[in-house]
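Notes follow once the structure below has been shown.
The values are calculated or read from the model by the stated rules, or taken from the named source; none is laboratory data. What you are looking at is a predicted structure, and each value in this text was computed from that prediction instead of being measured. Cβ placement follows ideal geometry from the backbone for every residue including glycine, while neighbour counts extend to all protein chains displayed. For accessibility, only protein heavy atoms count, side chains too; no ligands or nucleic acids. Shrake-Rupley method; radii C 1.70, N 1.55, O 1.52, S 1.80 Å.
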Amino acid sequence: MARPPRSPYAPRVTPAELDAARDRLVPDVAAPGLRVLFCGINPGLLSAALGRHFARPGNRFWPVLHLSGFTSRLLRPDEQDDLLTYGLGITNVVPRASARADELTDQELRDGGVSLQARVERLKPRWLAVAGITAYRTAFHDKGAQIGRQERTIAGTGIWALPNPSGLNARWTVGAMAEEFARLRVATETETGANTHGPH
C-alpha cells in the first residue's frame, strides 16, 4: 500500500514560545559507534521550541544531507531520529539555544569544545563533522583551520569541518555545500577516521 504524501514542513511557533525557548537545550540524536556525528554550533530558538535540530525552514542542513548522498530521501527536522538508521547523529558545540550563534561567547565555545571532546570519546563515532568553521576554530583552539578534513583526531575519531548550513551563510550555495558534505561521505565509505592521518 502506498504511503500517503507527507504534509509540508511548516512549524508554527508563537513569538512567546520562541522567547521562552531561549537557553533551552535540545537533546542529542546520538548513539555509540555512529558513522558520522554532525555537530552544530548551538540550537536556534525555533529548534529549541520544537526540540528538533536545524528546524528553521531556511536552514540547509537537511536538503544538503540528502543531496550529498547521506540519506536516501529528504528528511524533515521532525524525522531526525531516522538519522540513526543511517549511522548518523547530531549534537552541538554549545547546548543552550540563542537567537543567533554570534550571541555565544568565545569562552562558551571553548568550554563546549571540551565537553564535545568528552562526548566523542564516549560515543566513539568514526567521524565528527563540525558545521561552522569559525566555531570550530574557537572551540578547538585552531585559528588556522580550514573547511575539510582536519589533522587532529579524538581517540581515533576523525574530524571534518563543514560550512555552516544556516541560511545566513551566503558565502556557500546549496550546491557547493553538498559537494563538501559529499567529500565527507566518500571518506566515511573508504576510510576510518584516524588511520589516514599519520602521526597526531
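Counting other C-beta atoms within 10 Å, and keeping those with at most 15, which DSSP coil trypsin sites (Lys or Arg not before Pro) do you find in region 109-164?
Those satisfying the criteria are Lys143.
Can you show me the helix-derived [θ] at 222 nm for the chain, built from DSSP H runs with n ≥ 4 at -39,500 (n - 2.57) apiece and divided by the number of residues, rounded to the nearest 500.
-9000 deg cm²/dmol
Need one number for the chain: average projected area of the convex hull over its C-alpha atoms, nm².
Taking a quarter of the hull surface, the average projection is 11.7 nm².
Collect residues whose amide H, placed 1.01 Å from N in the peptide plane, falls under 5 Å from the amide H of Arg22; neighbours closer than 5 in sequence don't count.
none
If you bin every alpha carbon distance in region 23-62 into 5 Å steps from zero, what whole percent lands in each bin?
Taking every Cα pair in region 23-62, the percentages come to 5, 24, 28, 22, 14, 6, 0.
When the chain is fully extended, how far beyond the present Cα-Cα distance does Gln117 get from Asp19, taking 0.36 nm per residue of separation?
Here the segment from Gln117 to Asp19 would lengthen by 32.3 nm.
What is the ratio of the Cα radius of gyration of region 107-200 to 2.2 N^0.38 Å, where N is its residue count, to two decimals?
Scaled against compact globular proteins, the figure is 1.07.
Per residue, how much accessible area does the chain have with a 1.4 Å probe, in Å²?
Here the per-residue accessible area is 50 Å².
If we sort 53-66, 20-33, 176-189 on the protection proxy, mean other Cβ atoms within 10 Å, highest first, what's the order?
Listed from highest to lowest mean packing, they are 53-66, 176-189, 20-33.
In whole percent, and with a 1.4 Å probe on the protein chains, what portion of the accessible area of the chain is carbon and sulfur?
Of the solvent-accessible surface of the chain, carbon and sulfur hold 53 percent.
From the phi of every residue in region 167-180, what ³J(HN,Hα) in whole Hz does the Karplus formula 6.51 cos²θ - 1.76 cosθ + 1.60 yield, where θ is phi - 60° and glycine or proline is x?
For region 167-180, the Karplus curve yields x, 6, 8, 6, 5, 10, 7, 4, x, 5, 5, 4, 5, 5 Hz.
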